[in-house]
Amino acid sequence: MNFLLNNLPIRTQKPRVHGLTMVMDKGMGHDEVRNFLSVAAPYVDIVKLGFGTAFVTNNLREKIDIYRSYDIPVYFGGTLFEAFLVRNQFDDYVNVIREYGLEYVEVSDGSVTIPHIEKCGYIEKLAKEVTVLSEVGSKDAAHIIPPYKWIELMRAELEAGSTYVIAEARESGNVGIYRGSGEVREGLVQEILTQIPAEKIIWEAPQKAQQVYFLELLGANVNLGNLAPNEMLPLEAMRIGLRGDTFFLYLNKENGAAVPTNHF
């Protein structure tokens, strides 16, 4: 931090186990990555190369190495995992992960149907080698999963070896835990939290209103994902009450802060 401000929430420090921010890289060039990390690296915990972009990224290894030089792990989007799987190339996928020295993988079934016991089997196998993030929820807006099923799936995947479960929203934030308008399905979220520990869930929240909702609900150290790189610093400022949307979130009597009076 560049100067002293009182009455700010305490943020977890890297390497974090909660309070994570996952950024989605949808195709930034190497210079863009360097520029981005030059100002935002302290607040970025994990980077996802979105969907199947890793397959078509030129100089992929060099790009991963730039992130690695800042101690930021990279993983390939779950869509790529599904693309290998639907072609019966799971072993090839594992070899790719090893070849690029990845420490994280995402296991998802948002585009293809995988029997859940089979999905958990993939999680169990991969968890022996890397940190697994498994995504729950469908990319199909018409496929509504009831709350009890979200809980059942999340619990089973954590038990199979996932370190975190990701609540699906796509990069646009209009499916899964959100309605088509982007509005949070509050009842679903709150029911999930009755059974699944908040620190084990990464909530995909690409839209500002969605980020505000989870900060108000779970505090500065909620795990958030699918952040655009140019939203990284605005989010971190919002996490600690330095943006209008959360300005008064931590200024309360409990922490001894007083709301200032204007003087002209």
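The values are calculated or read from the model by the stated rules, or taken from the named source; none is laboratory data. Quick caveat, the model's predicted, so the values are computed rather than measured. So basically every Cβ, Gly included, is an ideal-geometry build from the backbone, and we count neighbours across all protein chains shown.
Here are a few things to note about the model shown:
- Taken across the stretch 53-75, residues that are in contact with a Ser or Thr (Cβ under 6 Å, 6 or more places away or on another chain), under 20 Å from Ala205 (Cα atoms) and either among the hydroxyl-bearing types (Ser, Thr, Tyr) or buried (at least 18 other Cβ atoms within 10 Å of the Cβ) (or both) do not occur at all.
- Qualifying residue in the stretch 60-68 (condition: touching a Phe, Trp or Tyr at 6+ places or on another chain (Cβ under 7 Å) and of a type in the set (Ser, Thr, Tyr)): no
- For Phe55, the stated conditions hold: it is closer than 27 Å to Val96 by Cβ and of a type in the set (Phe, Trp, Tyr).
- Scanning the stretch 209-230 for residues being touching a Pro at 6+ places or on another chain (Cβ under 8 Å) and assigned to a helix (DSSP H, G or I) gives a total of 0.
Here's the yes/no breakdown for (1) of a type in the set (Val, Ile, Thr); (2) touching a strand residue (DSSP E or B) at 6+ places or on another chain (Cβ under 7 Å); (3) modelled with pLDDT of 95 or more; (4) on the phi > 0 side of the Ramachandran plot:
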position	(1), (2), (3), (4)
Ala169	no, yes, no, no
Tyr178	no, yes, no, no
Pro197	no, no, yes, no
Lys200	no, yes, yes, no
Lys208	no, no, yes, no
Leu217	no, no, yes, no
Ala220	no, no, yes, no
Gly241	no, no, yes, yes
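- Flag for Thr12 being touching a Phe, Trp or Tyr at 6+ places or on another chain (Cβ under 7 Å), among the hydroxyl-bearing types (Ser, Thr, Tyr) and in contact (Cβ under 8 Å) with a residue 60 or more places away in the chain: no
- Residue among Val94, Val175, Val112, Val189 that is buried (at least 20 other Cβ atoms within 10 Å of the Cβ), of a type in the set (Val, Ile, Thr) and farther than 22 Å from Asn221 by Cβ: Val175
- The stretch 91-126, residues that are over 25 Å from Ala169 (Cα atoms) and part of a helix (DSSP H, G or I): Asp91, Asp92, Val94, Asn95, Val96, Arg98, Glu99, Lys125
- Flag if Gly180 is small (Gly, Ala, Ser), loosely packed, with under 15 Cβ neighbours inside 10 Å and assigned to a loop (DSSP other than H, G, I, E, B): yes
- Residue match in the stretch 23-40 (condition: hydroxyl-bearing (Ser, Thr, Tyr) and surrounded by 12 or more Cβ atoms within 10 Å (Cβ to Cβ)): no
- Candidate set from the stretch 31-73 (those that are in contact (Cβ under 8 Å) with a residue 12 or more places away in the chain and polar (S, T, N, Q)); member that is farthest from Leu85 (Cα to Cα): Asn59
- Unique match (being over 20 Å from Ile151 (Cα atoms) and basic (Lys, Arg)) among Arg239, Arg185, Arg179: Arg239
- Helices (runs of 4 or more DSSP H) completely within the stretch 1-79 that count 3 or more residues being modelled with pLDDT of 95 or more and acidic (Asp, Glu): none
- On inspection, Glu159 does not qualify as surrounded by fewer than 20 Cβ atoms within 10 Å (Cβ to Cβ), in a helix (DSSP H, G or I) and in contact (Cβ under 8 Å) with a residue 60 or more places away in the chain.
- Members of the stretch 213-230 that are farther than 26 Å from Glu159 by Cα and crowded, with 19+ Cβ neighbours inside 10 Å: Tyr213, Leu215, Ala220, Leu227, Pro229
- Hits in the stretch 244-254 (condition: surrounded by fewer than 19 Cβ atoms within 10 Å (Cβ to Cβ) and in contact with a helix residue (DSSP H, G or I) (Cβ under 6 Å, 6 or more places away or on another chain)): Asp245
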